[in-house]
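Take a look at the structure set out below.
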Amino acid sequence: MKGLKAYIWPAVEDGDHLRAAQLRIIGVIALTVVVCGGLAGALNFVANYERFPPQAWIGLVTPLTLGALPALARSRLSLRTTGLLTVSFLYVVLTGQAASMGGMAYPVVIYLPGLPILAAFLVGPRAGLGFGVLVGASMGGLFLFRDWVPTPADWDINYYLLGWITITLILLTLAASAVCAIFAHQMAAAGAALEEARKRSDAANQAKTAFLTNISHEIRTPMNAMLGMAQALQQDALGPDQRDKLEMMTRSGDALLRLVNEVLDMARIEAGRLEIVPQNFRLTDTVAMLEGLFAAQALEKGLDFSIRLTGDGERVFVGDPVRIGQILANLTANAIKFTQAGHVQVSLHAHAPDDEGQARITMRVADSGIGIAPEDAKGLFRPFAQAGSAEMRAYGGTGLGLAICRQLCELMDGEISLQSTPGQGSTFTASIAVRAAAPDLVMARPEPQQRDLSALQRLRVLAADDSQTNRLVLRALLDSLVGTLCLVENGQEALDLLDAESFDIVLLDSRMPVMDGLSATREIRRREAGSGQPSLPVYALTANVMPEQVAEYEAAGMDGVLAKPISRDALISTLMSHALHVPEDRDDRPARYLAE
């Protein structure tokens, strides 16, 4: 039944409401003709088969063939071509039937006024008017030349009454063709205006996304210097006062980075580009992430902070742990921010999977903070919305976090809700759908962070970045760790250096003058394919980390992406994964060593 409904009444695809309306009109007309015309054809077949067998068979089969009309309208033929062929076929069949049997007295002529309606919606307003005139003239001809039309012997026809019926049908046909032509014209104009508005909206979204991508790149460059140098300073011996100041600077930089990421996520949502990436994960790892992020913050404010995991939490699920963690991080950060005393309690419950392996995860974040009034809670999940009280707005924020949480929950077939009482706290509850992994899947636990970094001393690293600031950050982070660090300004210089010396890993910025990172990577892979050399690890070290950009890096042959601002832990982890494969007995340095 659902299949028949979808066949007759298709859904709107790609926002094209005009085409959907046309296909639905076709579906309704096809269903009407099949049912009503099939019944009339069956009665006609029984009554006239002995004297008019061809006409009886045509009258029976023709209505049924229109059941294929919706499928034909969805075919590769254009809608106009489909409509013109269909209306022309019906005109020939119906007028041929009437001309060979009974004329205007034959009941099949009752379908003729419907042809201009069909033509107006399928072909266009002019076709509707044209078929209206043609059908009206055909009916007039059938009446005027009625003596030429064979009539069944048992028919007793009142030609006076038939004349008035003919005039009525002609007038009805002309009126219907005119009305439907006007309506089809207005519908086409509305569809064209809607399509133009959609194009303008898409163009505006693309321009906004491009702007946000560019501004993100420009913001991340100075942030890379600030956070990168802060991470480098953390390796030095600092006094308590200096370390406190460094910690404040790092925390402020992380807050700014979260703000940039929220704006980019909102842009992806509005452009329909935010994707859920399923992978295996455990909720226990999510709990560890939350504790590492927020336990210290809650302790500083004197809050009772707890995380509780219940249900099937040890099971391996298939979902997007990054986005699940983002939801929890947003809700927990808000709870700590708006709570001055009392508690923040995070609870996660993994429901047992059903017979098909589908499961749900319920996440709840409760606090004893300032609470939210009911009138303010209604629009809280809209972008840039914040609760209306001056006390709430004094805490700052963009109003994007909860909107992003709602969108992420919906993308994962879930929902988010709020229960709050002013002055007594708030409870946010989010529910998402996941899938249980195979029971025999063994998911390795993350290994403890490698403390012995001596293997990096035999590693040769080549990095290309046109920003001197970024090169200084790389030098501050790696110069004392790796055996060789060569820094160049663009992809062409990196290729020239690769011609002269050998390296274990290459880091390339995506945007550089002379030659960018993608072009340099393609050239490296082309040379390797021509010479049969093993693949050299190449990573993008870039501030452009939108999903489509990451896909472009992978298509160019890069092995991975390191996002700016640079995370020292992520950078060292990547280098260590390659340093462990470098022979221990290699201690010679490249003859050419670039230092700035």
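The values are calculated or read from the model by the stated rules, or taken from the named source; none is laboratory data. None of the values given here were measured: they were computed from a predicted structure. In this analysis, Cβ positions are derived from the backbone assuming ideal geometry, glycine residues included, and neighbour counts consider all displayed protein chains.
The table below gives the values:
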| read-out | value |
| --- | --- |
| Residue check for E291: modelled with pLDDT of 75 or more and in a helix (DSSP H, G or I) | yes |
| So L161, is it surrounded by fewer than 13 Cβ atoms within 10 Å (Cβ to Cβ), of a type in the set (A, V, I, L, M) and in the same structural domain as I25 (by TED's automatic domain parsing) | yes |
| Residue in the stretch 522-539 that is hydroxyl-bearing (S, T, Y), buried (at least 22 other Cβ atoms within 10 Å of the Cβ), under 23 Å from N214 (Cβ atoms) and modelled with pLDDT of 90 or more present | yes |
| Pairs with Cβ under 8 Å, 6+ apart, first in the stretch 219-243 and assigned by TED's automatic domain parsing to the domain that holds L541 and at pLDDT below 75, second assigned to a helix (DSSP H, G or I) and of a type in the set (A, V, I, L, M) | none |
| Matching residues in the stretch 318-336 - criterion: being crowded, with 19+ Cβ neighbours inside 10 Å and not in a helix (DSSP H, G or I) | G319, D320 |
| Number of positions in the stretch 568-588 that are surrounded by fewer than 15 Cβ atoms within 10 Å (Cβ to Cβ) and not in a helix (DSSP H, G or I) | 8 |
| Options E247, E196: the member that is within 42 Å of the chain's Cα centre (by Cα), loosely packed, with under 15 Cβ neighbours inside 10 Å and modelled with pLDDT of 80 or more | E196 |
| Test: residue in the stretch 440-452 that is exposed (fewer than 14 other Cβ atoms within 10 Å of the Cβ), within 28 Å of E314 (Cα to Cα), at pLDDT 85 or above and not hydrophobic (A, V, I, L, M, F, W, C) | no |
| Any chance P513 is closer than 18 Å to A464 by Cβ, touching a His at 6+ places or on another chain (Cβ under 8 Å) and either without any contact (Cβ under 8 Å) to a residue 60 or more places away in the chain or surrounded by fewer than 17 Cβ atoms within 10 Å (Cβ to Cβ) (or both) | no |
| Boolean, D355 is surrounded by fewer than 17 Cβ atoms within 10 Å (Cβ to Cβ) and acidic (D, E) | yes |
| Single residue of A11, A71, A30 found to be in a loop (DSSP other than H, G, I, E, B) and either closer than 22 Å to A127 by Cβ or without any contact (Cβ under 8 Å) to a residue 12 or more places away in the chain (or both) | A11 |
| Residues being free of Cβ contacts under 8 Å to residues at least 60 places away in the same chain and either within 26 Å of the chain's Cα centre (by Cα) or not in a loop (DSSP other than H, G, I, E, B) (or both) - total across the stretch 349-366 | 2 |
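Listed here are the residues, each with its yes/no results for (1) acidic (D, E); (2) farther than 22 Å from V35 by Cα; (3) surrounded by 23 or more Cβ atoms within 10 Å (Cβ to Cβ).
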{"site": "A56", "(1), (2), (3)": "no, no, no"}
{"site": "V61", "(1), (2), (3)": "no, no, no"}
{"site": "A71", "(1), (2), (3)": "no, no, no"}
{"site": "L79", "(1), (2), (3)": "no, yes, no"}
{"site": "A98", "(1), (2), (3)": "no, no, yes"}
{"site": "L112", "(1), (2), (3)": "no, no, yes"}
{"site": "F121", "(1), (2), (3)": "no, no, yes"}
{"site": "L129", "(1), (2), (3)": "no, yes, no"}
